[in-house]
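The next block holds one structure in the form of structure tokens; read it before the comments.
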């Protein structure tokens with residue numbers, strides 16, 4: 001092994017930087033090969049092999065991938081899921097009302113989790129655990145932890161919904177999908193900085209690229225980190241959550257409501273959160289079968305706001321990606337029941353409509369109005385990008401832009417903001433309720449240029 005000729009730190013301390021520079025120059029002139037070999041040796045000694053996915057994502061007895069999910073009654077219940085290795089045969093969760101000091105821990109009640117073994121493509125078996133906390137108080141902060149009685153997570157806090165129809169905020173994400181740890185992390189964390197008190201995070205499908213790729217699910221959980229354990233998820237599956245059927249990771253990873261049609265539970269469901277009914281549809285399969293179920297859920301809706309999410313857009317941001325059969329099945333139901341806003345993904349661009357109602361469903365031609373109809377949004381939060389075809393129904397669009405959306409709802413208005421990955425406001429509007437009439441659309445688009453290719457034309461198509 002060769003060694004550096006000089007201890008530069010010591011020389012600088014004793015002689016000052018200018019003299020050190022002179023000495024180094026002389027050394028390089030007199031002994032260039034020795035100095036070069038010294039640096040090459042350092043590089044060689046510090047070369048490190050890449051950690052394999054099997055090592056990076058292997059579970060242990062310590063709980064990881066802790067994810068909070070909303071239930072059908074978020075004012076009085078909440079669900080949590082987590083993962084361990086297969087040595088943990090019995091998962092436990094403890095919960096208590098949070099207090100200003102540590103005394104809450106002695107008052108915690110303990111629940112036993114359901115356990116789902118899952119063989120990973122990374123050559124190990126993990127145990128996925130799930131618990132539903134029930135009999136909670138509305139609008140109350142709780143602390144919980146999960147483990148096995150010996151190995152525990154930290155105590156984690158969340159707040160139940162109110163049982164009154166008051167205001168709340170949530171964050172909506174389009175596809176994360178690719179380079180999740182590398183590129184999606186900054187988006188979900190920037191959103192958390194902007195909306196740390198969000199009631200939940202809504203994911204419009206394609207959370208990962210490979211439906212049964214354990215490492216990608218691990219990256220998704222890593223990117224959100226502790227946020228997932230404090231802020232509940234509302235997730236709908238995309239086409240990349242399917243590979244010869246629904247991903248085997250979907251139901252073990254989340255603990256979503258089971259009130260959908262038989263066989264579509266935890267992908268098709270509804271829940272009420274204060275002044276809004278939130279509905280997840282599954283645009284990947286059995287689309288026509290969901291119509292009757294949806295009619296019933298909308299007919300019995302007593303909430304002032306209706307928010308629906310699914311993956312494939314009814315009004316695509318690219319003409320070649322149109323979904324006429326899905327539009328023909330679902331849009332008449334949305335119009336009939338005056339759905340307020342639909343949140344989608346899939347197209348890897350941003351496109352937000354004006355208020356739209358039925359006109360010619362198969363061709364995608366729709367009536368645009370500032371005073372009635374449904375607002376449709378397509379967005380993307382990950383780095384995979386497609387091209388926008390600027391179309392007449394679009395009020396605002398973007399290409400090559402990662403975004404997240406912050407939506408605040410109260411009894412009389414819905415306030416929407418789309419922000420880029422660096423937190424800049426890109427789009428905004430307000431929907432205002434009017435008794436006996438359709439919503440009033442109030443545009444709040446910022447005075448910034450749309451992020452589109454120069455050849456795109458606002459009057460196109």
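The values are calculated or read from the model by the stated rules, or taken from the named source; none is laboratory data. This one's a predicted model, so the numbers in the text were calculated from it and none came from an experiment. In this analysis, Cβ positions are derived from the backbone assuming ideal geometry, glycine residues included, and neighbour counts consider all displayed protein chains.
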Matching option when the condition is under 22 Å from residue 207 (Cβ atoms), at pLDDT 95 or above and out of contact with any strand residue (DSSP E or B) (no Cβ under 9 Å at 6 or more places or on another chain), among 135, 121, 64: 121
With respect to residue 194, is the statement that it is crowded, with 24+ Cβ neighbours inside 10 Å and touching a residue at least 40 places away in the same chain (Cβ under 8 Å) true? no
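Residues checked against (1) in contact (Cβ under 8 Å) with a residue 12 or more places away in the chain; (2) more than 30 Å from residue 88 (Cβ to Cβ); (3) outside any strand (DSSP E or B):
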position	(1), (2), (3)
116	yes, no, no
127	yes, no, no
131	yes, no, no
154	no, no, yes
157	yes, no, no
161	yes, yes, yes
166	yes, yes, yes
177	yes, yes, yes
185	yes, no, yes
Kindly evaluate residue 245 against the criterion of being over 21 Å from residue 378 (Cβ atoms) and either within 15 Å of the chain's Cα centre (by Cα) or in the same structural domain as residue 80 (by TED's automatic domain parsing) (or both). no
Of the conditions (1) touching a residue at least 24 places away in the same chain (Cβ under 8 Å); (2) closer than 17 Å to residue 156 by Cα, residue 101 fails just one. Which one is it? (1)
Which ones in segment 401-413 are assigned to a strand (DSSP E or B), surrounded by fewer than 22 Cβ atoms within 10 Å (Cβ to Cβ) and more than 16 Å from the chain's Cα centre (by Cα)? 408, 413
Within segment 97-111, work out how many residues are more than 19 Å from residue 138 (Cβ to Cβ) and either modelled with pLDDT under 95 or assigned to a strand (DSSP E or B) (or both). 2
Does segment 384-417 hold any residues that are closer than 16 Å to residue 319 by Cα and touching a helix residue (DSSP H, G or I) at 6+ places or on another chain (Cβ under 9 Å), and which are they? 386, 389, 391
Return the residues of segment 320-346 that are in a helix (DSSP H, G or I), under 26 Å from the mean Cα position of the chain (by Cα) and either under 18 Å from residue 432 (Cα atoms) or modelled with pLDDT of 95 or more (or both); say none if nothing qualifies. 326, 327, 330, 331, 334
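Yes/no matrix, rows are residues, columns are (1) surrounded by fewer than 16 Cβ atoms within 10 Å (Cβ to Cβ); (2) farther than 21 Å from residue 183 by Cα; (3) at pLDDT 95 or above:
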residue: 383; (1), (2), (3): no, no, yes
residue: 399; (1), (2), (3): no, no, yes
residue: 415; (1), (2), (3): no, yes, yes
residue: 461; (1), (2), (3): yes, yes, no
Residue 434 being over 21 Å from residue 170 (Cβ atoms), surrounded by fewer than 16 Cβ atoms within 10 Å (Cβ to Cβ) and either in contact with a strand residue (DSSP E or B) (Cβ under 8 Å, 6 or more places away or on another chain) or modelled with pLDDT of 95 or more (or both): yes
In segment 252-272, how many are crowded, with 19+ Cβ neighbours inside 10 Å and without any contact (Cβ under 8 Å) to a residue 24 or more places away in the chain? 1
